[in-house]
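**Student:** Okay, here's the structure, questions in a sec.
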Amino acid sequence: MFGKSIRLERIMDRNTGNCVIVPMDHGISIGPTEGLINMKKAVDDVANGGATAVLMHKGLIRYSHRTSGNDIGLILHLSASTDLGVTSNSKVLVATVEEALKIGADAVSVHINVGAETEPEMLSDLGKISNDCNEWGMPLLVMAYPRGPKIENSYDPHAVAHAARVAAELGADIVKCSYTGDIDSFKEVVKGTLAPVVIAGGPKMNSDDDILRMVYDSIQAGGHGVSIGRNVFQHRNVEAMTRAISDIVLRGYTVEEAKKNNLE
């Protein structure tokens with residue numbers, strides 16, 4: 001497991017064990033996306049803002065990683081679906097751990113939707129990828145969400161906790177899940193997951209305060225950081241927002257301190 005430990009230090013802060021990941025995999029799901037056209041600038045902005053890693057599909061790496069500025073970890077996303085398809089909740093594997101090693105990635109990620117009609121196939125794929133990650137010493141981040149015909153509320157704390165636990169049970173080194181809206185309920189998610197938990201950013205928000213409060217509260221609940229995309233790379237000042245989030249996650253700032261130092 002030395003390989004995993006060494007690589008995890010490239011995507012997580014060594015002092016806190018926390019991470020600020022900026023996913024940039026949206027193009028497969030929704031097409032060309034504001035903030036992800038000039039990929040070199042997108043990566044440089046978040047790197048200079050203090051993010052610990054970016055996450056993307058293999059085809060984007062040639063257009064984005066690395067150019068100038070600060071070093072930043074690379075997570076290769078292995079699964080995909082599009083919003084144009086009729087099975088958008090069904091993620092399929094589009095890359096391998098071996099490809100990630102050849103590319104030079106520091107970790108890989110897989111997305112599963114617990115409750116989707118193709119849940120069995122996604123769980124099987126995750127089990128295989130988890131085994132490959134153990135074989136090669138590659139850290140595994142799992143994005144786990146409750147989504148499907150029986151899911152009435154994808155932010156329900158019990159459903160979020162179940163999906164997150166599934167990811168941990170199948171070998172995730174880091175689990176990405178939705179924030180459940182308050183510290184107390186998210187504490188239970190973190191407690192039940194066992195593996196380090198980071199929160200997703202969700203839909204684009206209009207308020208900096210809302211974003212930073214969600215980040216701060218998730219850390220207070222025991223979370224280990226964030227994996228936030230649109231609320232970072234579509235912000236009016238990407239570098240400043242990244243730095244504000246990093247100050248909270250990595251340096252223990254309050255919402256007010258992070259906002260005052262970076263966004264005012």
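**Student:** Is there a residue in the stretch 157-172 that is surrounded by 15 or more Cβ atoms within 10 Å (Cβ to Cβ) and within 15 Å of residue 55 (Cα to Cα)?
**Tutor:** No, the stretch 157-172 contains no residue that is surrounded by 15 or more Cβ atoms within 10 Å (Cβ to Cβ) and within 15 Å of residue 55 (Cα to Cα).
**Student:** Still on this structure: So which residues in the stretch 208-250 are buried (at least 18 other Cβ atoms within 10 Å of the Cβ) and of a type in the set (Lys, Arg)?
**Tutor:** Once the filter is applied, which keeps residues that are buried (at least 18 other Cβ atoms within 10 Å of the Cβ) and of a type in the set (Lys, Arg), the stretch 208-250 yields 230, 243.
**Student:** Here are the criteria: (1) modelled with pLDDT of 95 or more; (2) within 30 Å of residue 40 (Cα to Cα); (3) surrounded by fewer than 17 Cβ atoms within 10 Å (Cβ to Cβ). Tell me which single one residue 85 does not satisfy.
**Tutor:** For residue 85, the failing item is (1).
**Student:** Considering only the stretch 1-98, give the helices (runs of 4 or more DSSP H) lying wholly within it that have at least 2 residues that are without any contact (Cβ under 8 Å) to a residue 12 or more places away in the chain.
**Tutor:** Fully inside the stretch 1-98 and qualifying: 2-11.
**Student:** If I ask for residues that are under 15 Å from the mean Cα position of the chain (by Cα) and of a type in the set (S, T, N, Q), which ones from the stretch 210-264 would you list?
**Tutor:** If the condition is that a residue be under 15 Å from the mean Cα position of the chain (by Cα) and of a type in the set (S, T, N, Q), then 218, 227, 231, 242, 246 are the ones that fit.
**Student:** Something else about it: Within the stretch 183-207, take every residue that is aliphatic (A, V, I, L, M) and open to solvent by 10 Å² or more (accessible area, probe 1.4 Å) and give me the one that is nearest to residue 159 (Cα to Cα).
**Tutor:** The residue in question is 190.
The values are calculated or read from the model by the stated rules, or taken from the named source; none is laboratory data. Quantities reported herein were computed from a predicted structural model and do not represent experimental measurements. Here Cβ is always computed from backbone atoms with ideal geometry, including for glycine, and neighbour counts include all displayed protein chains. We work out accessible area using only protein heavy atoms, side chains counted, and drop any ligands, DNA or RNA first. Shrake-Rupley method; radii C 1.70, N 1.55, O 1.52, S 1.80 Å.
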